[in-house]
Each structure stands twice: as C-alpha cells, then as structure tokens.
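Trainee: Right, I'll just put the structure down here and ask away after.
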Amino acid sequence: MRTDEAAWLDNYSVTCRVFKGRWSVRHCLRMYNDIKDLKIRMSSRADGKVTRHESTYNPCSRCQVLAGYLEALSREENMYEPQGEPAPYNEVWAM
C-alpha cells in the first residue's frame with residue numbers, strides 16, 4: 001500500500017508554496033474556485049470621501065501545474081462538443 005500511495009503522490013500531487021504542503025490537483029482546483037468566489041471588501045477615507053475597494057487577488061492563478069490542469073480540462077470539454085447540426089428532438093431513431 002505504501003508504494004501505491006507514493007506512486008499516486010508522485011503522479012497526482014502538487015507542492016504548494018502558498019498553502020505550504022503537498023496537495024492533490026483536485027484540491028488545488030477547489031481552492032482556486034473558492035478564492036475566486038471570495039472577495040475581500042476594504043474601505044479607506046481621504047478628503048472627506050470614502051473609497052471602497054474589492055480584492056480579487058488569487059495566488060493559485062500563478063501555479064503552472066494548475067494552469068496546465070485547467071487547460072487540459074478545457075481541451076477535454078471541446079473534444080465532446082457536438083460537431084455540426086444537432087439531431088432534432090422530435091425524431092425517433094430505431095435500430
């Protein structure tokens with residue numbers, strides 16, 4: 001079991017410098033989406049005005065492994081899209 005676990009970690013895990021550890025690529029994708037949804041709202045006062053800011057910084061967007069994984073996912077989506085005209089729904093097909 002130990003050798004299988006080590007082989008799995010070598011193939012499907014990422015060493016993350018942001019969250020300090022070794023994570024699976026699926027976990028990285030989940031964290032990337034959670035951070036993307038999270039927006040930190042800040043306000044500052046100057047000259048009698050209140051200025052509001054929203055932080056949308058995502059440190060996971062700089063990860064090369066995650067970027068490659070996202071690109072592979074988009075390529076897989078495009079492979080399964082129907083080519084040409086879709087079949088009408090009101091026709092019945094029998095074999």
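Read-outs: derived from the displayed coordinates by stated rules, not from any lab. This one's a predicted model, so the numbers in the text were calculated from it and none came from an experiment. Cβ sites come from the backbone with ideal geometry, for glycine too, and all protein chains shown count toward neighbours.
Trainee: Can you tell me which of 71-77, 25-31, 59-65 comes out highest on packing, and rank the rest after it, using the mean Cβ neighbours within 10 Å?
Mentor: 25-31, 59-65, 71-77
Trainee: Report the label-to-label distance for ARG41 and SER61 in nanometres (one decimal), using points 7 Å from each Cα along the Cα→Cβ vector.
Mentor: 2.1
Trainee: Which lysines, on any chain, are close to LYS20 with Cα under 26 Å apart, when same-chain ones fewer than 8 places away are left out?
Mentor: In chain and number order, the partners are LYS36, LYS39.
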